[in-house]
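Structure record follows, encoded as structure tokens.
Taken together, the values in this text are just the output of simple stated rules run on the coordinates, not laboratory data. For clarity, every value in this text was computed on a predicted model and none was experimentally measured. Cβ coordinates were reconstructed from backbone atoms using ideal geometry, including for glycine residues, and neighbour counts include every protein chain displayed.
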Amino acid sequence: MSKGSLTVVGTGIRLSQMTMEARISIESADKVLYAVADAVTETAIKKLNSTAESLQPFYKPGKYCLVTYKDMVNRILSFLRKRLDVCAAFYGHPGVFVYSSHEAIQQARREGFRAVMLPATSAEDNLFADLGVDPAASGCQSFETTDFLIRRRKFDPTSHLILWQIGNIGNWKPERQDCASNLQALVDVLEEHYDPDHEVVLYLAAQYASCDPMIERVPLSEIPQTPISNVTTLYVPPRGIAPIDYVMLDRLGIPRALVRKAPQRNSRKRSSVKGRSRHTRNS
Ligand SMILES: C[S@@+](CC[C@H](N)C(=O)[O-])C[C@H]1O[C@@H](n2cnc3c(N)ncnc32)[C@H](O)[C@@H]1O
């Protein structure tokens, strides 16, 4: 008889991104629990394993998210305590912005069960591909937007900046709130570092293989006037090139001619974006 184990997997942003190891884990589990964002993935999980049970019913109007997430953890653990091999599937990467997955693994390990998380394709991975962003060039910083604002996170505006959950800034109540007015607070903070006409991207990765991503390019100052969903991610491109520390360059033995220099005067790049443009994969 099994001693019971927990495997946490991700299903990617669309079903076609589900990895082979995630599929095998779902297929072979004694019990599957899932929280996914689209009907096609849900149907596929149910076909792979007839024990599959949605964690969605734990979301209830007026219920705090943290209570919902803890209920999900308890449900997952309840099957583990029956010594079953349990698979918990979450959309995207199961370890990226998912409280219940990390908590279930920690709780399972505390109780002596084998518990592992398998990596998967996140919204950020899709963004790298769809927007052609390579973190190797100038680095990349990624923050949850409310956390970014309330803790005044330090960041480098000459690096790529990715802000998650911009459709939910300051949303602490159990009911879904209209957080549009909080977008101006975000713009005010970003305008301390970028010009108001700096071009940013409101990004939605395609949830279905047949669809294109939504890539809306707008001047920074226009974010509050732009429709934003609760799965929109904001991408802010670098403002310019960071200056070189020549003492370090020499110490590392790198020839000075090999590095790109920052402009001598004002390094804040002035974008010529005046209006909005919406692009899809084919445009
Ligand atoms: C609770 S987190 C879940 C992240 C997910 N686990 C992942 O790996 O991408 C929800 C946030 O992820 C981002 N997100 C989720 N789906 C997205 C999509 N289709 N396109 C762009 N961003 C998305 C948004 O920032 C959204 O507010």
What residue among 229, 16, 210 shows peak mean-square fluctuation when the chain is described by a Gaussian network model with Cα springs under 10 Å? 210
Is any residue of the stretch 1-39 close enough, with backbone N under 18 Å, to a label point placed 7 angstrom from the Cα of residue 109 along the Cα-Cβ axis, and if so, which? 4-10
What percent antiparallel are the DSSP beta bridges of the stretch 123-258, to the nearest 5? 70 percent
Taking the alpha-carbon distance from residue 154 and a cut-off under 25 Å, which lysines remain once sequence neighbours fewer than 8 residues away in the same chain are dropped? 261, 269
Roughly how many nanometres apart are two label points built 7 Å out from the Cα toward the Cβ at residue 19 and residue 40? 2.1 nm
Rounded to two decimals, the Debye log10 I(q)/I(0) of the stretch 5-117 (Cα scatterers, no solvent) at q = 0.19 Å⁻¹ is -0.93
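What relative contact order, as a whole-number percentage, does the chain give when Cα pairs under 8 Å and 6 or more residues apart are counted? Before the final figure, lay out the partial values.
Values: 505 pairs, mean separation 52.8, N = 283.
Here the relative contact order equals 19 percent.
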With the contact rule set at Cα under 8 Å and sequence spacing of 6 or more, what percent relative contact order holds for the stretch 123-258? 27 percent
Relative contact order of the stretch 5-117, please, whole-number percent, based on alpha carbon pairs below 8 angstrom and at least 6 residues apart. 43 percent
Charge dipole magnitude, Cβ of K and R +1, D and E -1 - the chain, Cα centre, debye nearest 20: 460 debye
Largest fluctuation, 140, 211, 87 only, Gaussian network model of the chain with Cα springs under 10 angstrom, belongs to 211
Value of Rg to Rh for the chain (Rh from inverse mean 1/r over Cα pairs, i.e. Kirkwood): 1.03
Could you give the length gained by full extension between residue 144 and residue 27, i.e. 0.36 nm per residue of separation minus their alpha carbon distance, to one decimal place? 38.8 nm
For each pair in 3/70; 31/63; 3/31; 46/82; 3/46, compute the distance between the two Cα atoms and list the pairs where it is over 18 Å. 3/70; 31/63; 46/82; 3/46
Mind checking which of 223, 244, 166 has the largest fluctuation in a GNM of the chain, springs on alpha carbons under 10 Å? 244
Could you name the aspartates and glutamates whose alpha carbon sits less than 19 Å from that of residue 47, not counting residues in the same chain fewer than 8 places away? 21, 27, 30, 38, 85
